[in-house]
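A quick write-up on the structure given underneath.
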Amino acid sequence: MNTFKDREKGFEKKFANDQEAEFKISAKRNKLLGGWAADILKYDEEKKKNYIVEIIKADFQEAGDEDVFRKIKKDLEGSNIQDADIRKKMSEFLEAAKQQI
């Protein structure tokens, strides 16, 4: 019986660790994405830091990445950045975040 309890605890711990890693990767991706968008918007360092925080917070509005995508898209209107460019950067930064975490 203890073997099953030990396995259950092990699975729970792995799940918690996986969730934490996903959160960190997502937050790092959003930080990189926010920095990229802030550079396009030509924000100074202080405004860039605040903008990155806005992007990270935007990810808490709903599950998935669409909330972040919509925020970036809205903010970059008039910058000649296409939806495909934003999604490509989101993918690139996700891979970069995985490597860094």
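For the chain, the fraction of C-alpha pairs farther apart than 20 angstrom is 45 percent.
Only protein atoms count toward the accessible area here, which uses a 1.4 Å probe; on the chain, the carbon and sulfur part of that area reaches 52 percent. Annotation for the stretch 15-92: GluC sites (Glu not before Pro) lying in DSSP loop with at most 15 further Cβ atoms inside 10 Å of their Cβ are GLU62, GLU77. For the stretch 1-100, the set of chymotrypsin sites (Phe, Trp or Tyr not before Pro) satisfying both a DSSP loop assignment and a count of at most 11 other C-beta atoms within 10 Å is given as PHE60. Helices that extend 15 Å or more along their long axis by alpha-carbon positions and average at least -1.0 on the Kyte-Doolittle scale are, among the DSSP H runs of the chain, 45-58.
The values are calculated or read from the model by the stated rules, or taken from the named source; none is laboratory data. Bear in mind the structure is a predicted one, so any value in this text is a computation, not a measurement. Counting neighbours? That spans all protein chains shown, and the Cβs are built from the backbone with ideal geometry, glycine included. Protein only, heavy atoms only, side chains kept; ligands, DNA and RNA dropped before computing areas. Shrake-Rupley method; radii C 1.70, N 1.55, O 1.52, S 1.80 Å.
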